[in-house]
């Protein structure tokens, strides 16, 4: 997205600094034009992109991206064993994950959690891997990035049994209702909102949650290459479109975009320990 295009849809002007707090930038769908993607992000005002590795196969590529951070767009990294990959949990996998998280660019453990929609790993394995990684995050002093789909009750049960890591975390791609949002906020989590909130159908509950979320606990994300915001739905998502998410949420919450941009950027820098600054 160019600066002109961002302004034309009410997005953040280039002078505004934005974080995309969740992006799978190492995904093969960015292999041919990753530099251009980063260039468009910077033009849109993005100064930092949390690059997420959610499987053992993704950890090394994400670490390599973070190590090669360009001067104008920081690429802090997050790594974890996604619930889809919980069947891969082993001592070897946990050692490899800790090695990745020892990198200076590592700012979070995730994404981790439970996914009962696809059930690509047995539910018991998901819960065990989730609990183990919560304990790991507490030991390493890192915040967590949560993934949840059709598993909110069990996810909350595990969080309450094991404990939320002292560094807190974000409930990424929040898709619950206002009641679930309040429970997550009561546990100390930030809420991450992206393209899903902009979808015209079936997301009234998510928008209600986005309205009630305190400004100091709200984060912007794309989850690129997934979940492009309207009107780009169905196309590959990319970090520049976090400006569209900002524009939508600012209108939804009746807040000036610049104010919301400044707040969410400060929230991200604080949660992710400022390592990308």
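The values are calculated or read from the model by the stated rules, or taken from the named source; none is laboratory data. A quick note: this is a predicted structure, and the numbers were derived from the prediction, not measured. Glycine gets a Cβ as well: all are built from the backbone with ideal geometry, and neighbour counts include every protein chain shown.
Look through 143, 166 and report the one residue that is under 18 Å from residue 78 (Cβ atoms), touching a strand residue (DSSP E or B) at 6+ places or on another chain (Cβ under 9 Å) and either without any contact (Cβ under 8 Å) to a residue 60 or more places away in the chain or crowded, with 17+ Cβ neighbours inside 10 Å (or both).
Details: 166 fails: touching a strand residue (DSSP E or B) at 6+ places or on another chain (Cβ under 9 Å).
Of 143, 166, the one residue that is under 18 Å from residue 78 (Cβ atoms), touching a strand residue (DSSP E or B) at 6+ places or on another chain (Cβ under 9 Å) and either without any contact (Cβ under 8 Å) to a residue 60 or more places away in the chain or crowded, with 17+ Cβ neighbours inside 10 Å (or both) is 143.
Would you be able to tell me the number of residues in the stretch 35-64 that are over 23 Å from residue 189 (Cβ atoms), touching a helix residue (DSSP H, G or I) at 6+ places or on another chain (Cβ under 8 Å) and part of a helix (DSSP H, G or I)?
Total meeting the criteria: 9.
Within the stretch 8-28, can one find any residue that is at pLDDT below 95, over 29 Å from residue 121 (Cβ atoms) and buried (at least 22 other Cβ atoms within 10 Å of the Cβ)?
Yes, the stretch 8-28 contains a residue that is at pLDDT below 95, over 29 Å from residue 121 (Cβ atoms) and buried (at least 22 other Cβ atoms within 10 Å of the Cβ).
Could you pull out the residue among 129, 93, 137, 103 that is in contact with a helix residue (DSSP H, G or I) (Cβ under 7 Å, 6 or more places away or on another chain), within 24 Å of residue 65 (Cα to Cα) and in a helix (DSSP H, G or I)?
On the way: 129 fails: within 24 Å of residue 65 (Cα to Cα); 137 fails: in contact with a helix residue (DSSP H, G or I) (Cβ under 7 Å, 6 or more places away or on another chain); 103 fails: in a helix (DSSP H, G or I).
So the residue among 129, 93, 137, 103 that is in contact with a helix residue (DSSP H, G or I) (Cβ under 7 Å, 6 or more places away or on another chain), within 24 Å of residue 65 (Cα to Cα) and in a helix (DSSP H, G or I) is 93.
Given the criterion crowded, with 22+ Cβ neighbours inside 10 Å and more than 21 Å from residue 25 (Cβ to Cβ), identify the matching residue among 184, 251.
Details: 251 fails: crowded, with 22+ Cβ neighbours inside 10 Å.
That would be 184, the only listed residue that is crowded, with 22+ Cβ neighbours inside 10 Å and more than 21 Å from residue 25 (Cβ to Cβ).
If I filter the stretch 65-87 down to residues being part of a helix (DSSP H, G or I) and touching a helix residue (DSSP H, G or I) at 6+ places or on another chain (Cβ under 6 Å), which single residue comes out as surrounded by the fewest Cβ atoms within 10 Å (Cβ to Cβ)? Before the answer, list the steps.
Residues of the stretch 65-87 part of a helix (DSSP H, G or I): 65-67, 83-87.
From what is left, the residues that are touching a helix residue (DSSP H, G or I) at 6+ places or on another chain (Cβ under 6 Å) are 83, 86-87.
Details: 83: 30, 86: 25, 87: 14.
Across the stretch 65-87, the extreme among qualifying residues is 87.
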